[in-house]
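Quick notes on the structure that follows.
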Amino acid sequence: MVSSQSSNITLDGEPVSFSAGETLYEIAKRQETIIPTLCYDPRLEAFGSCRLCMVEVDGIRNPVASCTTKASDGMVVRTTSPAIEKHRKVLLEMVASENPDIAVDPLRGYASQELGTLVDDYRADTGRFKGRQSGQSFQDDDNPFILRDYDRCISCYRCVRVCAEQEGDYAINIRNRGFNTQITTEFSGTLKDSSCTFCGQCVQTCPTGALADKKAMRAENDPGEIKKTRSVCPYCGVGCSVDLLSKDDRLVGVQPAMDGPANQGALCIKGQFAFDFVQHNDRLGSPLIRNEAGELEKTSWEIALDRAADGFREAMKTHGRQSIYGVASGRTPSEADYMMQKFIRAGFGTNQIDNCSRA
Amino acid sequence: MKISANNESIIDQWKEEPAALLGVLHAFHDRDGYLSEAVIRDVASGLKIPLAELYGTITFYHHFSQSPPGQSAPRVCTGPVCCLNGSAQLLNALKDQGATAMACAGRCDDPIPVLKGHHALRGTDNASLEEKATPLPARNPGNIEECIFANIRIPNRAKFEGYRDSGGYLAVDKMLNEMSPSQVLELMTQSKLAGRGGAGFPTGVKWKAVAEAPGNPKSIVCNADEGEPGCFKDRAILDYDPHAVIEGMIIAAYATGAAQGFIYLRYEYPQSFALLEEAIREASEAHYLGDGIGGKEFRFTLHLRRGAGAYICGEEGSLLNSLEGKHPFPRNRPPFPVTHGFNNLPTAVNNVETLAAVPQILAKGPEWYQSLGLNEHAGTKLISLSGDIEKPGNYEIPIGLPLRTLLYDWAGGPKAGRSIQAVTMAGLSGGYLAGDDLEITLDDPCIRSKGSFPGAGGIIVYDDSRNMVEAAHEAMAFFAEESCGKCFPCRIGTERLTERLARDAGPTSITDWNAEVDDIGTTMMATSACGLGMAAPNITKSLAKYFPDQVTKHVQKSP
Ligand SMILES: Cc1cc2nc3c(=O)[nH]c(=O)nc-3n(C[C@H](O)[C@H](O)[C@H](O)COP(=O)(O)O)c2cc1C
Ligand code: SF4
Ligand code: SF4
Ligand code: SF4
Ligand code: FES
């Protein structure tokens with residue numbers, strides 16, 4: 001439906017126009033008005049559970065959750081007030097009270113600092129509202145990738161929702177209710193025995209570090225600052241954007257780029273966790289050729305390439321051009337693929353060229 | 001995965017039914033006494049629900065067990081009234097049979113209810129446990145005219161014949177012959193009938209919204225979850241006048257254009273389940289349900305579904321999720337069920353009492369219904385009265401009746417030698433009233449002026465022998481147990497308030513204690529996502545208001 005009249009709300013005293021379906025939170029964000037959140041992830045359907053994003057709307061008695069409230073024409077909205085700020089502080093003190101402590105290493109995950117940052121911003125007294133702790137860490141899940149440190153869980157269910165809505169795996173869910181809720185797989189088993197694909201998205205959306213990247217955490221005590229370098233995952237043609245985490249020029253972890261055009265925060269197990277080869281002792285640092293005795297020994301690129309070219313020539317001579325078959329790596333960019341098919345077609349005169357990632 | 005032949009027939013029988021999941025799970029739970037891993041796996045593949053999701057959903061419900069002895073182990077009510085009547089001892093006495101506690105099971109007028117499989121027993125100790133019918137509501141002493149209870153004492157009223165012989169289904173007959181759907185809507189709006197399930201929303205307005213909303217099929221859902229502690233009125237209606245509810249639903253369907261209906265009945269009412277099943281069968285045989293009702297082109301099918309032990313499933317969004325087989329969290333509002341209800345299509349969710357009033361209103365007219373109230377108030381309200389009172393039970397009061405009249409003239413006042421210290425409103429959700437505030441009239445504006453609300457109409461009486469902090473602790477423990485765990489203020493707040501009322505945690509300085517409890521309560525009331533978390537702090541707020549001395553004594557007593 002196209003409406004000739006433009007729709008406006010008043011946001012903190014300023015008139016702002018909006019398009020149908022926009023939530024108050026989205027409008028505020030567009031206006032660069034900061035509203036605190038914990039259960040929100042822009043990629044997921046708004047859930048409305050942490051209630052931190054509450055705003056006052058004229059004519060509505062209680063504050064409303066801005067993440068789930070759609071704007072309607074003429075709404076008068078205040079994103080802050082002394083009452084709202086007090087509620088936010090009390091809520092943060094309540095949340096802090098359910099966990100053993102709040103500070104976690106940023107290597108745990110992309111969003112792991114969210115709770116700690118808010119607690120600091122609001123100068124929330126983490127010792128107030130003391131009582132029973134919620135969530136129980138799953139110590140026995142011995143998978144090498146994901147730490148399930150639910151002692152730190154605040155039941156925002158971002159992990160459950162990202163697994164369902166983004167990854168489509170539905171591997172994890174919510175057991176029990178109330179203060180006894182607990183993130184779980186079917187029958188409370190390990191991730192390995194579930195439909196988890198170890199994509200790591202739950203880790204990266206977790207706002208407390210309760211789900212954490214075990215591989216990156218190996219470097220928790222290494223000296224040096226964490227440096228982030230934007231790059232592209234080398235594994236396949238999708239080209240997911242990643243931020244490489246390094247300490248003292250050593251690669252220590254990978255995080256998905258939330259603004260990556262191909263992946264928008266998603267990665268698969270390879271891009272997320274399989275980076276050990278980069279600094280592995282067994283990784284080739286120079287070309288190798290076999291000597292007379294059939295053992296591999298180091299050599300220069302010239303000698304190695306000559307040896308390869310000789311091999312191709314020999315095959316052509318003995319078995320003909322149809323004995324040559326080129327398979328390009330799924331990790332190559334398009335330009336390299338082009339070079340490869342040129343090399344096979346023009347160089348050997350055959351159309352036997354393929355790419356391993358066409359499955 | 002391959003479904004075992006053993007389980008396949010049950011799954012196939014349910015697969016194509018609307019609101020299948022609860023039906024399937026109960027069928028297996030009844031067959032085996034618990035839900036085994038193999039069954040859960042088969043149901044997940046049969047109904048195409050992700051396994052982890054199904055597992056999580058099952059753990060949400062109190063009464064679904066996943067291991068023996070399961071269903072056959074006794075469940076003993078430890079609700080607020082039963083714990084005044086010795087439920088802790090009874091629970092202990094049944095421990096060797098694997099007994100566990102359950103929240104208020106809706107029989108506070110005849111405690112203590114114990115569930116054993118499909119048997120609803122009651123008794124105050126092991127020896128006296130027996131299966132007994134729901135107590136029949138007593139007539140009021142002033143012979144004040146009733147609406148809902150007017151015919152409930154007629155023998156055989158629960159059967160089709162008895163119902164028909166006492167004027168039943170005449171309203172539907174009349175409607176089908178003489179009225180258009182919009183006339184029915186108009187009449188309901190005029191009557192000023194408002195929701196009796198707690199929120200008090202005008203019924204005519206709700207139905208009109210459903211009638212006007214786009215999308216089909218529309219649904220009528222009868223909310224018979226009655227989970228509020230101290231409320232047992234819907235049970236009396238369902239057991240003695242089930243056809244009145246069915247007739248109310250048929251009228252609602254005609255007015256709104258709904259083609260299907262559901263009765264969502266709480267697990268703790270197995271007797272009502274059997275009675276309703278029979279009533280639905282009778283009404284179908286008499287062609288009041290199904291195709292071509294009254295010889296007209298009017299089709300309405302009615303499905304009975306059982307809950308599985310979750311107070312929050314009485315909240316309409318949570319109820320709809322439960323019916324749809326989803327995790328029963330409440331839904332964000334708006335949108336409301338009138339436009340996005342069952343399967344995201346227009347749905348009228350109405351309480352049992354609301355629906356039972358409808359045939360009477362249609363038969364006798366909106367003016368008649370309005371005139372039943374006192375002063376400017378319209379209609380009647382059922383009150384479930386329990387606790388420290390001579391004659392507990394269900395009473396139908398004219399709205400606006402003084403509380404004192406109900407307590408002393410109708411229900412005989414406190415037990416001999418005792419005086420009334422406090423009463424609850426809305427079961428537990430309205431918190432306590434005490435002192436001068438007992439001089440209220442029972443109507444929405446008056447009760448709200450005291451910071452409470454009438455809700456579903458449960459009133460629990462506490463006499464002067466009771467420790468109100470202990471009562472408040474029991475109440476808050478209920479809310480903590482029943483919090484769904486979706487939103488932060490309620491999930492954490494109900495737990496922290498319970499701990500403070502039990503002195504398991506929290507400050508020992510009364511100033512700090514009050515500040516903490518008040519801050520938690522204020523934030524819960526303002527920011528919780530549904531009525532449970534908004535209402536729970538009424539307990540602590542009213543405790544602080546009326547009983548500051550008991551609170552101080554509680555906080556300062558040496559541990
Ligand atoms: C925590 C909670 C529990 C509720 N339980 C019930 C219930 O057991 N029965 C009921 O009819 N309404 C219950 N309600 C109210 C329903 O959400 C809904 O307002 C009602 O069923 C609408 O019917 P009515 O308009 O006829 O009252 C509950 C609400 C909340 C917030
Ligand atoms: S790693 Fe991916 S698939 Fe596994 S639980 Fe997390 S989100 Fe789901
Ligand atoms: S594990 Fe993390 S993302 Fe999942 S519910 Fe807990 S705090 Fe939220
Ligand atoms: S208020 Fe309580 S019951 Fe309601 S949504 Fe929040 S946690 Fe669930
Ligand atoms: S961000 Fe809106 S409720 Fe959490």
task = Under a cut-off of 16 Å between alpha-carbon atoms, report the aspartates and glutamates in cross-link reach of A:Lys298, not counting same-chain residues fewer than 8 places apart.
result = A:Asp282, A:Asp306
inquiry  = Along the Cα→Cβ direction, 7 angstrom out, place labels at B:Asp12 and A:Gln352. What is the inter-label distance in nm?
reply    = 5.4
remark   = Computed ³J(HN,Hα) along the stretch A:205-212: with the Karplus parameters 6.51/-1.76/1.60, θ = phi - 60°, integer Hz and x for glycine or proline, the list is 9, 5, x, 10, x, 5, 9, 9
ask   = Around B:Val221, which amide H atoms from residues at least 5 apart in sequence, or from another chain, sit under 5 Å from its own amide H, with H modelled in the peptide plane?
value = B:Phe262, B:Ala348, B:Val349, B:Asn350
query = A:Thr37: accessible area at probe 1.4 Å, nearest 10 Å²?
reply = 20
ask   = So what is the relative contact order of chain A, in percent, for Cα pairs below 8 Å that sit 6 or more residues apart?
value = 11
inquiry  = Please list B:Trp14, A:Trp301 from largest to smallest accessible area, probe radius 1.4 Å, with all protein chains kept in place.
reply    = A:Trp301, B:Trp14
remark   = In nm², the average projected area of the convex hull spanned by the Cα atoms of the stretch B:278-339 is 5.8
Cα-Cα pairs of the protein assembly as shown separated by more than 35 Å (percent) = 58
ask   = If you roll a 1.4 Å probe over the stretch B:359-508 with all protein chains in place, what percent of the accessible area is carbon or sulfur?
value = 46
request  = Let me have the relative contact order for the stretch A:151-240, percent, based on Cα pairs under 8 Å that are six or more residues apart.
outcome  = 25
note = Expressed in angstrom and ordered largest first, the alpha-carbon extents of chain A along the principal axes are 88, 57, 41
request  = Could you list the GluC sites (Glu not before Pro) in the stretch B:361-468 that lie in coil according to DSSP, counting only those with at most 12 other Cβ atoms within 10 Å of their Cβ?
outcome  = B:Glu376, B:Glu439
query = Expressed as an acute angle from 0 to 90° and rounded to the nearest 10, what is the orientation of the C-alpha long axis of helix A:82-97 relative to the principal long axis of chain A?
reply = 60
ask   = Going down the list A:Lys270/B:Lys48; A:Lys89/B:Lys206; B:Lys159/B:Lys381, which pairs span over 27 Å between their C-alpha atoms?
value = A:Lys270/B:Lys48; A:Lys89/B:Lys206
query = In nanometres, what is the gap between the two model label sites at B:Arg164 and B:Glu212, each 7 Å from Cα along Cα-to-Cβ?
reply = 3.9
ask   = Who wins for biggest fluctuation among A:Gly189, A:Gly131, A:Gly311 in a Gaussian network model of chain A, springs between alpha carbons below 10 Å?
value = A:Gly311
request  = Nearest 100 Å² is fine: how much accessible area is buried between A and B, summed over both sides, with a 1.4 Å probe?
outcome  = 3800
ask   = With point charges of +1 on the Cβ of Lys and Arg and -1 on the Cβ of Asp and Glu, referenced to the Cα centre of the protein assembly as shown, which listed residue (B:Asn6, A:Ala328, B:Gln360) lies farthest in the positive direction of the dipole?
value = A:Ala328
task = Quote the relative contact order of the stretch A:7-80 in percent (integer), defining contacts as alpha-carbon pairs under 8 Å separated by 6+ residues.
result = 42
note = Rounded to a whole %, the carbon-and-sulfur portion of the accessible area of the stretch B:159-246 at a 1.4 Å probe is 54
query = For the stretch B:5-60, what is the per residue volume of the convex hull drawn over the alpha-carbon atoms, in cubic angstrom?
reply = 75
key: chain A: most fluctuating residue of A:Arg345, A:Arg78, A:Arg158 per GNM, C-alpha cutoff 10 Å   = A:Arg345
remark   = Of B:Met524, A:Met339, B:Met179, ordered by accessible area with the largest first and a 1.4 Å probe, the sequence is A:Met339, B:Met179, B:Met524
remark   = Computed from every Cα-Cα pair in the stretch B:468-555, P(r) in 5 Å bins starting at 0 and rounded to whole percents is 3, 17, 29, 27, 16, 7, 1
inquiry  = Taking 41 Å as R0, compute the FRET efficiency from the Cβ-Cβ separation of A:Asn291 and A:Asp248 and round it to 0.05.
reply    = 0.65
query = Comparing the chain by itself with all protein chains present, which residues of the stretch A:168-187 are at least 50 Å² less accessible (probe 1.4 Å)?
reply = A:Tyr170, A:Asn173, A:Ile174, A:Arg177, A:Gly178, A:Phe179, A:Glu186, A:Phe187
message = Checking the a/c ratio against 1.5 first, then a/b against b/c, what shape does the Cα gyration tensor give for the stretch B:307-374?
response = prolate
message = Could you compute how much accessible surface B:Ser4 exposes when probed at 1.4 Å, giving the result in Å² to the nearest 10?
response = 50
note = With +1 on the Cβ of every Lys and Arg and -1 on the Cβ of every Asp and Glu, the dipole magnitude of the stretch A:298-359 about its Cα centre, in debye rounded to the nearest 20, is 120
Surface per residue (accessible, 1.4 Å probe) for the protein assembly as shown, Å² = 42
ask   = Counting only the heavy atoms of the protein chains, how much of B:Ile148 is accessible to a 1.4 Å probe, in Å² to the nearest 10?
value = 10
ask   = Among A:Ala103, A:Ala83, A:Ala274, which one shows the biggest mean-square fluctuation in a GNM of chain A, springs joining Cα atoms closer than 10 Å?
value = A:Ala83
Residues with amide H under 5 Å from that of A:Ile146, placed H, sequence gap 5 or more = A:Lys214
query = Taking a spot 7 Å from the Cα of B:Ser509 along the direction of its beta carbon, which residues of the stretch A:78-121 have an amide N less than 14 Å from it?
reply = none
ask   = Put A:Phe312, B:Phe28, B:Phe160 in order of accessible area, largest first, 1.4 Å probe: what do you get?
value = A:Phe312, B:Phe160, B:Phe28
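The values are calculated or read from the model by the stated rules, or taken from the named source; none is laboratory data. These numbers were taken from a predicted model, which means no experiment stands behind them. Positions of Cβ are backbone-derived with ideal geometry, glycine not excepted, and every protein chain shown enters the neighbour counts. Surface accessibility is based on the protein's heavy atoms, side chains included, excluding ligands, DNA and RNA. Shrake-Rupley method; radii C 1.70, N 1.55, O 1.52, S 1.80 Å.
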